[in-house]
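Structure first, then comments.
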Amino acid sequence: MTAPTFGARARAWSRRAEVRGVFLIWVVLTALLCLFSFVPARLMGAPASPTKQAVETTMTLFTLAASPVAAFVWAIAIYSLVRWRHRGKQAPTEDGPAIRTNTPASALWVVVSSVLCLFLLVWGFVEVQAVATSASASDAMVVDVTGQQWVWTFSYPQEGNLESDQLYLPVNRPVIFHVTSKDVIHSFWVVQMGIKVDANPGETTQTSVTPDRLGRFDIRCAELCGLLHADMETSVHVVSPTDFRSWLRSNGGPG
Ligand SMILES: [Cu+2]
């Protein structure tokens with residue numbers, strides 16, 4: 001008698017009830033997760049900078065890549081819980097046979113994990129490199145940001161240290177934020193521009209962005225900082241260069 005061929009063994013394997021059950025749950029869960037993977041990145045509103053665009057693409061892509069993996073683990077767990085649940089009042093008297101090794105399964109798991117990790121790593125490096133360009137731009141505008149319980153203050157060192165509690169920025173010009181705090185730790189978060197950095201007392205942290213859409217966007221504190229933390233928010237107004245100069249002039253800046 002000859003041993004069954006690989007094809008025959010695969011066909012027999014694919015006809016097993018547990019393989020079909022897990023596969024079915026895996027397909028449904030993967031589809032659901034992929035469907036919802038577009039949602040989280042879009043909850044924060046339309047992007048107002050290339051950085052936020054990159055954040056959205058990355059979040060969506062990473063969720064898509066993780067969906068089949070998560071669904072596979074859940075599919076096995078759900079199938080096992082439903083199909084092989086122990087029923088009856090008595091505790092089960094014996095366990096199933098221990099499976100110590102399954103070389104094809106281990107090999108497949110290692111290969112799939114490695115490929116996924118490598119892809120995420122390379123993608124991450126490329127995107128970080130791409131969004132870091134604002135920080136090295138020669139025409140970048142510097143804005144000093146100070147957090148204190150529970151307000152943000154902005155000052156423009158290149159414009160005679162003009163101070164404001166609203167942030168005004170000219171469109172398409174790179175900005176570098178130097179961020180600090182007067183009291184406790186806050187976190188400077190420009191929601192639709194996809195940047196966030198801690199504001200620490202006695203330290204200066206830095207982040208940068210190039211706003212590329214006109215409009216008014218949200219600035220929030222993203223670090224629990226006391227009683228009125230939830231109210232520690234203000235707006236950033238992205239305006240044309242001409243409007244920016246007239247805003248500077250009307251607020252006592254050099255214009
Ligand atoms: Cu806060």
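All of the numbers you see were taken from the coordinates with simple rules; none came from a lab. Worth saying up front: this structure is predicted, and the values here are computed from it rather than measured. Note: ideal-geometry Cβ built from the backbone for every residue, glycine included; neighbour counts use all protein chains shown.
Before moving on, here are some points about what is shown:
- Flag for residue 197 being in a strand (DSSP E or B) and either of a type outside the set (S, T, N, Q) or near the ligand (Cβ under 10 Å from one of its atoms) (or both): yes
- Condition met for residue 226 (of a type outside the set (Ser, Thr, Tyr) and more than 13 Å from the ligand (Cβ to nearest atom)): no
- Single residue of 128, 209, 179 found to be β-branched (Val, Ile, Thr) and within 16 Å of the ligand (Cβ to nearest atom): 179
- Verdict on residue 242 being away from the ligand (no atom under 16 Å from the Cβ) and either in a helix (DSSP H, G or I) or more than 20 Å from residue 157 (Cα to Cα) (or both): yes
- Residue that is of a type in the set (Phe, Trp, Tyr) and under 25 Å from residue 130 (Cβ atoms), where the choices are 217, 244: 217
- Of the helices (runs of 4 or more DSSP H) that lie entirely inside the stretch 1-84, not one contains 2 or more residues that are within 21 Å of the chain's Cα centre (by Cα), surrounded by fewer than 12 Cβ atoms within 10 Å (Cβ to Cβ) and of a type in the set (Phe, Trp, Tyr).
- Checked against (1) without any contact (Cβ under 8 Å) to a residue 60 or more places away in the chain; (2) in contact with a Ser or Thr (Cβ under 7 Å, 6 or more places away or on another chain); (3) within 16 Å of the ligand (Cβ to nearest atom); (4) assigned to a strand (DSSP E or B), residue 163 meets all criteria but (3).
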